[in-house]
Amino acid sequence: TRFFLKLYGHTKDPVTRKAAENTLLYLSDEAKLKDQGRFLGNYLMATEEFLNEPLHLLVMGPKDDPKAAALHQAALAYYAPHKILEWQDPKENPEITKTYPAFDHSVIYVCGTNRCSSPIADAGDLAAAIDDFLATTQPSP
């Protein structure tokens, strides 16, 4: 189940999300969960991942740009257990600019379900920007 969810996070292929959903539905039968012990924790984590898409961080900039490298390092340092981190160079992959605007300097986008932040250019601002983004996109407990 969690494999299908990770795969969906990278590909956005609805078939993989449906496979995860079907697996969760199959496993949600009380008789199947009874006496599962540790497996129950995995089931609950998969359910959480299914209901809440992972944080998606996208660095846009050349691989040899120190500013892009600093943004990538800051994104790696941010603790989010199920984040997806990408590094795209618009010159190597011009198609990416159809979804994410490119600039004359490196930036990072913070994305969640159906929305992304404004581009962030300073690695020192990233953690606070992610916190702010999550505060406005995550449902309250």
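The values are calculated or read from the model by the stated rules, or taken from the named source; none is laboratory data. Model, not experiment: these values are computed from the prediction. Cβ atoms come from the backbone with ideal geometry, glycine included; neighbour counts cover every protein chain shown. To get the accessible areas, we keep the full protein, side chains included, count just its heavy atoms, and leave off ligands, DNA and RNA. Shrake-Rupley method; radii C 1.70, N 1.55, O 1.52, S 1.80 Å.
Can you name the residue in region 102-133 that is assigned to a strand (DSSP E or B) and surrounded by 17 or more Cβ atoms within 10 Å (Cβ to Cβ) and, of all such residues, is modelled with the lowest pLDDT?
The extreme case among them is GLY112.
Out of (1) out of contact with any Pro (no Cβ under 6 Å at 6 or more places or on another chain); (2) not in a helix (DSSP H, G or I), what's the single condition that is false for HIS82?
(1)
In region 24-37, is there at least one residue being exposed (fewer than 13 other Cβ atoms within 10 Å of the Cβ), outside any helix (DSSP H, G or I) and at positive phi?
Yes: one or more hits.
Kindly indicate which of ALA74, ALA70 is open to solvent by less than 40 Å² (accessible area, probe 1.4 Å) and over 30 Å from LEU27 (Cβ atoms).
Working: ALA70 fails: open to solvent by less than 40 Å² (accessible area, probe 1.4 Å).
From the options ALA74, ALA70, the qualifying one is ALA74.
Which residue out of HIS10, HIS56 is open to solvent by 80 Å² or more (accessible area, probe 1.4 Å) and touching a residue at least 12 places away in the same chain (Cβ under 8 Å)? Show your work before the answer.
Numbers: HIS56 fails: open to solvent by 80 Å² or more (accessible area, probe 1.4 Å).
When all the criteria are applied, what remains is HIS10.
Determine which single condition MET45 fails, assuming it passes every other condition in (1) buried (at least 16 other Cβ atoms within 10 Å of the Cβ); (2) farther than 20 Å from PHE133 by Cβ.
With (1) buried (at least 16 other Cβ atoms within 10 Å of the Cβ); (2) farther than 20 Å from PHE133 by Cβ applied to MET45, the lone miss is (1).
Only one residue in PHE3, PHE103 is out of contact with any Phe, Trp or Tyr (no Cβ under 6 Å at 6 or more places or on another chain) and in contact (Cβ under 8 Å) with a residue 12 or more places away in the chain. Which one?
Within the list PHE3, PHE103, the selection yields PHE103.
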